[in-house]
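Notes to accompany the following structure.
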Amino acid sequence: MAKQNIYDNEVFFEGYRKLREKESNANDLFEIPALFSLLPDLKDKAILDLGCGFGEHCKGFIEKGASKVVGIDISEKMLEVAKAENSDPKITYLNMPMEDLETIDEKFDVVVSSLAIHYVEDFTGLIKNIYNLLNPGGVFVYSQENPINTTHSTGERWTRDENGEKLYVNLSNYGIEGERESVWFVDNVKKYHRMFSTIVNTIVDGGLTIEKMIEPLPTEELLEKYPDQRDLFHKPDFLLIRASRKV
Ligand SMILES: C[S@@+](CC[C@H](N)C(=O)[O-])C[C@H]1O[C@@H](n2cnc3c(N)ncnc32)[C@H](O)[C@@H]1O
């Protein structure tokens, strides 16, 4: 199956890096707090981070007491930054696609992935590998683009009034799963759309128990500072899930 390494594209990499450096980006405001709220106590835990990018979370897991973290990423450029800015004797960074997880010969207490799994075509195979990598009692926590977001295929995302103000989000082809190409810093960025039911059923059929989901929304306090974030009431940008391997 196709594996895309768009983060090694120079233009994409620079665009993404600038976005993450922006004050109050959506990751900082919504996704990261939600992700960390789903994590169990990390003290003395072994963690695997799929699509670890710049390694900021890997460092955060060590600060929360993890005994060891393995961060994997398909992008050499992302890992260069991770090694330069977020290294630690307890962290190992591996340049590999998460489609090849069966080559990792050890078990983890927690498998985490932040906004990387929507780049993977074979979700069933990925969940099978994650199950096998988890110790019994282990936890899988991940975030992805919300299915309401990944469904977008062609045309304008929003219907607007005559003044250009957003009225509501356009939804089409929700029931047609699979590859979507979008323009994000560069042309032809591939992501995979899966319906909510497919996501839930794949995780459950893979032997994991879903414990909690979050679709982060802004608080009134946050809206006072960032009124544009009201858009999230039309379409949540993120979906986060915590699931566990019981035995
Ligand atoms: C949006 S970034 C998120 C980075 C990091 N998890 C964070 O939240 O800061 C997505 C990351 O997933 C990585 N990625 C995409 N597809 C991947 C794959 N098939 N296997 C491993 N990593 C992948 C990218 O290279 C990139 O570093």
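The values are calculated or read from the model by the stated rules, or taken from the named source; none is laboratory data. Here the structure is a predicted model, which means the values were calculated and not measured. All Cβ positions, glycine included, derive from the backbone under ideal geometry; neighbour counts span all protein chains shown. Heads up: the accessible areas ignore ligands, DNA and RNA and are worked out on the full protein's heavy atoms, side chains in. Shrake-Rupley method; radii C 1.70, N 1.55, O 1.52, S 1.80 Å.
List the GluC sites (Glu not before Pro) in segment 126-167 that DSSP assigns to loop (not H, G, I, E or B) and whose Cβ has at most 16 other Cβ atoms within 10 Å. Which are they?
Numbers: sites: 145, 156, 162, 165; in loops: 156, 162, 165.
In loop regions of segment 126-167 (DSSP not H, G, I, E or B), the sparsely surrounded GluC sites (Glu not before Pro) are 156, 162, 165.
Just so you know, the averaged projected area of the alpha carbon convex hull for the chain sits at 13.7 nm². Relative to the longest principal axis of the Cα atoms of the chain, helix 123-133 runs at roughly 30 degrees. Each 5 Å bin, from zero up to the one with the longest distance, holds this percent of the alpha carbon pairs of segment 63-110: 5, 17, 30, 23, 20, 6. Using heavy atoms of the protein chains and a probe of 1.4 Å, the accessible area assigned to residue 68 is about 70 Å².
Carbon and sulfur: what percent of segment 6-244's accessible surface (1.4 Å probe)?
Working: 5520 of 11510 Å².
Its accessible area is 48 percent carbon and sulfur atoms.
The angle between the Cα long axis of helix 10-21 and the main principal axis of the chain comes to about 90°, on a 0 to 90 degree scale. Computed over the chain, relative contact order equals 19 percent, with contacts defined as Cα pairs under 8 Å that lie 6+ residues apart. For the chain, the mean residue ellipticity at 222 nm estimated from helices alone is -7500 deg cm²/dmol, where every DSSP H run of n ≥ 4 contributes -39500 (n - 2.57) and the total is divided by all residues, rounded to the nearest 500.
Roughly how many Å² is the accessible area per residue of the chain, as a whole number, for a 1.4 Å probe?
Details: 12190 Å² over 247 residues.
Per-residue accessible area for the chain comes out at 49 Å².
Is there a quick way to get the dipole size of segment 6-244? I mean about its Cα centre, with the Cβ of Lys and Arg at +1 and of Asp and Glu at -1; what is the value in debye to the nearest 20?
Details: 26 positive and 43 negative charges, 88 e Å.
My answer is approximately 420 debye.
The long axis of helix 76-85 is offset from the longest Cα principal axis of the chain by roughly 70 degrees. So the label point goes 7 Å from the Cα of residue 228 along Cα→C-beta, right? Which residues of segment 29-60 then have their backbone N under 14 Å from it? So the set is 29.
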